[in-house]
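None of the figures in this text is laboratory data; all of them are computed from the coordinates on show. The shown structure was predicted, so the numbers you read here are calculated from the model rather than taken from an experiment. Please note: Cβ atoms are built from the backbone with ideal geometry, for glycine as well, and neighbour counts cover all protein chains shown.
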Amino acid sequence: MKELISPDPPVKRFLTPLFMMNPIREYQDALTRRHFFGRAGVGLAALSTLLSDDLRGDDSIQRNAVGEMSRLPHFVPQARRVIYLFQSGGPSQIDLLDYKPGLKKRLGEEVPTSVYPDERKTTMSNAQSTFATAPSIFAFPRFGESGLRMSELLANTGQFADDLCIIHSMHTQAINHDPAITMMQTGSQIPGRPSIGSWLSYGLGSETAELPAFVAMSSRGSGRAGQPLYDRLWGSGFLPSVYQGVKFRNQGAPVLDIYDPPGVDPSMRRTMLDYLGKLNELKFQDSGDKEIQTRIAQYELAGRMQSSVPELLDFGQESKQTMEMYGPEVDRQGSYAHNCLIARRLAERGVRFIQLFHQGWDQHGSLPKQIRGQCRDTDQPTAALLQDLKSRGMLDDSLVVWGGEFGRTVYSQGLLTRNNYGRDHHGNCFSVWLAGGGIQGGRTYGKTDDYSANVAENGVEVHDLNATILHQLGLDHERLVFPFQGRDFRLTDVRGQVIQEILA
């Protein structure tokens, strides 16, 4: 111990900070640094918003109305908002969107390993003694002037074929649900990255002060509960928490504590928020922690949502024709139809990113029966949403995306009969569609092989799809970055190309 107190000069220089530091001075130094960086960030953001459009060189684009990080888009956007209809579980592309009439003559034949190698089979089906070809039992009529082929199960959505661009050549490396859905939403199979809605909120801010920039909703299919959904799918990851999505619950109060408790009137709640804001501001002045400002903003938004959300969810002003258009489930909270109507109402109120998750597409067995039920739940409301947006002149500047995390196998999982089969997970190819928002309608993009097992032409990665979504909202996916742990992160990581061929 004596040697530690009186060490040789080189050791003393090394140990002095540990044994001779002044805790009070250290705190003051840290506080000064926090003040500088915390306030400098706010000041620079404020200065950015004060710069004239002429100085920035993009005076043709209007600013967003709300949000500390609001900024001009990189170029003129074609869409103002996104409505993402995510079909959780992996819809079968073979039974819905990827027409393969040649499979009918191969009913019951072994799928060649050259088409579907063993290493791409999951542990749920790789022990089968046979991998028999299972063609779809459903008809694929032509729809619209474009003559797009779509399943008879999507007869209502098919009425808008001329507005749809169906991408047949999506593919992903993920083979299980959670990594695959995390990849679709965040650009990484590993949890912890910001979701696409959070990236848009971070890049563009919000168009409304009364509602969140990013809202997520979920619903369950009538047949089965489906795979679980985690809050991180609409989370902000390492972005400031102000950019995370707000989940509207599918039962009970749509947002927790949205209604004042008994004995508390709006004026009392307003007074409480004012005092709470002052206390948080004092704490921010002391620490410079920007998350405190996030907390202040979220409390203020919560206060405004106490007025805006009840009005949003009141369908009393909707016409009888509109309600009937969405189908018999529209009044049932938590149904897909109910959420589709809320999505339109959110869109017209300025919400930037609206995400609907519909569970129940994981159809390993009895697929024909189960997929019929899923389409009964979703086809009419999806078509109604497109019609509603179109009739209000909103489809042109609303980008609607429909799809899941992967597709299904061409071979039957379990026993194959002429009228019944199941399908395992399949990431080599699957189908999604886009509509509105500057996307060409009435066309397909990409092709798969004769078995709908592999991409044959114009493959589209998840990063390509996300880059295209960002592009349509005026954002360059390579320039929308956030520094974290020593590197600049982006939604598309280090890959991704905008699918120029499908842009109008």
May I ask which of Lys100/Lys369; Lys247/Lys447; Lys290/Lys390; Lys247/Lys369; Lys100/Lys247 have a Cα-Cα span longer than 29 Å here?
-> Lys247/Lys447; Lys290/Lys390; Lys247/Lys369; Lys100/Lys247
Order by neighbour count: Met323, Met170, fewest other Cβ atoms within 10 Å first, most last.
-> Met323, Met170
Scan around Leu503 for amide H atoms under 5 Å from its own, H built in the peptide plane at 1.01 Å from N, and keep only partners 5 or more places away or cross-chain.
-> Gln440
So how much slack lies between Leu107 and Gln285, counting 0.36 nm per residue of separation and subtracting their Cα-Cα distance, in nm?
-> 56.9 nm
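All other residues with a Cβ under 14 Å from the Cβ of Thr130 taken together, and with Lys, Arg as +1 and Asp, Glu as -1, what is their net charge?
My count for the surroundings of Thr130 gives -2.
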J(HN,Hα) series, the stretch 483-499, from Karplus relation 6.51 cos²θ - 1.76 cosθ + 1.60, nearest Hz, glycine and proline x = x, 7, 6, x, 9, 8, 9, 8, 4, 8, 6, 10, 9, x, 10, 5, 7
The ³J(HN,Hα) series, computed from each phi in the stretch 463-475 with the Karplus coefficients 6.51, -1.76 and 1.60 at θ = phi - 60°, rounded to the nearest Hz and given as x for glycine or proline, is 4, 5, 4, 5, 4, 5, 4, 4, 4, 5, 9, x, 10
Can you check what the net charge comes to around Ile439, using other residues whose Cβ is under 15 Å from the Cβ of Ile439 (Lys, Arg +1; Asp, Glu -1)?
-> -2
Rounded to whole Hz, the Karplus (6.51, -1.76, 1.60) HN-Hα couplings of the stretch 427-443, x for glycine and proline | x, 5, 7, 7, 10, 9, 10, 10, 8, x, x, x, 9, 5, x, x, 8
Which aspartates and glutamates does Lys283 reach when only Cα atoms under 17 Å apart count, and residues fewer than 8 places away in its own chain are ignored?
-> Asp274, Glu291, Glu300
